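The next block holds one structure in the form of structure tokens; read it before the comments.
The values are calculated or read from the model by the stated rules, or taken from the named source; none is laboratory data. Predicted model, so just to flag it, every value in this text is computed and none were measured. Glycine gets a Cβ as well: all are built from the backbone with ideal geometry, and neighbour counts include every protein chain shown. Side chains included, ligands, DNA and RNA excluded: accessible areas come from the protein's heavy atoms. Shrake-Rupley method; radii C 1.70, N 1.55, O 1.52, S 1.80 Å.
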Amino acid sequence: MRSALGVMLASAVSVFVIVAVWFWTYSPRAVLAAPDTVSARLAERLPASARSTRAPADEIEVTATIAARPSAVAPSTVASSTVKPSAALPSPALPAALLQPKAACANADALGVSRVVEIDTTGGPGFGFEHFKQLDFLADKEVVLTFDDGPWPSNTPAVLKALADECTKAVFFPIGKHATYHPEILRQVAAAGHAVGAHTWSHANLNSKKMTEQQAKDEVEKGFSAVKLALGAAPSPFFRFPQLQHGPASMAYLGSRNIAIFSCDLDSFDFRAKDATQIVNTVMTKLDKQGKGIILMHDFQKHTAEALPTLLGRLKAGGYKVVQMRAKAPLQTLAEYDDGLVKDMKLPTVSARALSNVVQTVSQ
């Protein structure tokens, strides 16, 4: 009897010990116990040389609608098939354009670029309220800088320097002939990241009564081919009519070629200006009245090149922001015009006259 009681008592003690060990080893209390920690010294402040030197102007928003101020632009005024809108990002992934490394801007207080819009030129959309009022994609205090008639020595490089100093971008509409005269300057325009369209071959008025449809087509296509030849790459499908003379037949043709047509919101009339100050005053007076717009200038004009540094400074001081326009895809020029232009530009046959008949020493 005593032996049986002893066995039972020993069994009970063993069970109690097993339960106690399990409770302290595998119970939720053990899981929720505070982890061991070690003290760490405070992080040291980064030295000045290691801190970011990115200027505010380097932060460029790639978008085409103004999400921050939806009331400024009615949704119906921006055609989604023409100006590519920004989309809400459901995940932390950034747009591809924002992942690209940006060139540092040496000017910490530069005008810069506030946003970039990508243009789908299908059907030949028109921009600029002077003639086209459908696509109102600019918000208040936003401007697009455009330059016609280049490239030209001294003047175009001066314009490029002023834009580079302010880390901002523009759209250039070169004349075809000028592109063949100074291809190296036009390549500088493209290398600086500006959009390069065309402005006809010879700055002809395509709306003239004497201009046939075929002649107008030749002016358009030869102009683009000349730009392509100068750049060594396809131009943007952006076109501006000389003198803003929009012929219906030419507009229809540009639409069939999916080339966007640029008018303007305000004309600087820099070709009439007596000096740089007059250009600055003309642009700012119109801009302060209208509040925004596509600005038409000429990199061919000396006074424009002289005025641009001051004008960009006035834009910055006035709270204006530059919007960069770029094409969704480059223009496919027509082979017949590409080949014809190369053929026309070949040097004439060398004279067959003897050297002694051409060059004579008259004094020594």
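Summary of values
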item: Cβ crowding within 10 Å averaged over residues, with 179-187, 232-240 ranked highest first; result: 232-240, 179-187
item: Within the accessible area of the stretch 155-287 (1.4 Å probe), percent carbon and sulfur; result: 52 percent
item: Interchain or long-range residues, amide H under 5 Å from residue 196's placed H; result: 172, 236
item: Debye-sum result for the stretch 110-246 in log10 I(q)/I(0), which assumes one identical scatterer on each alpha carbon, at q = 0.14 Å⁻¹; result: -0.67
item: Radius 14 Å from Cβ of residue 186, net charge of other residues (Lys, Arg +1; Asp, Glu -1); result: -1
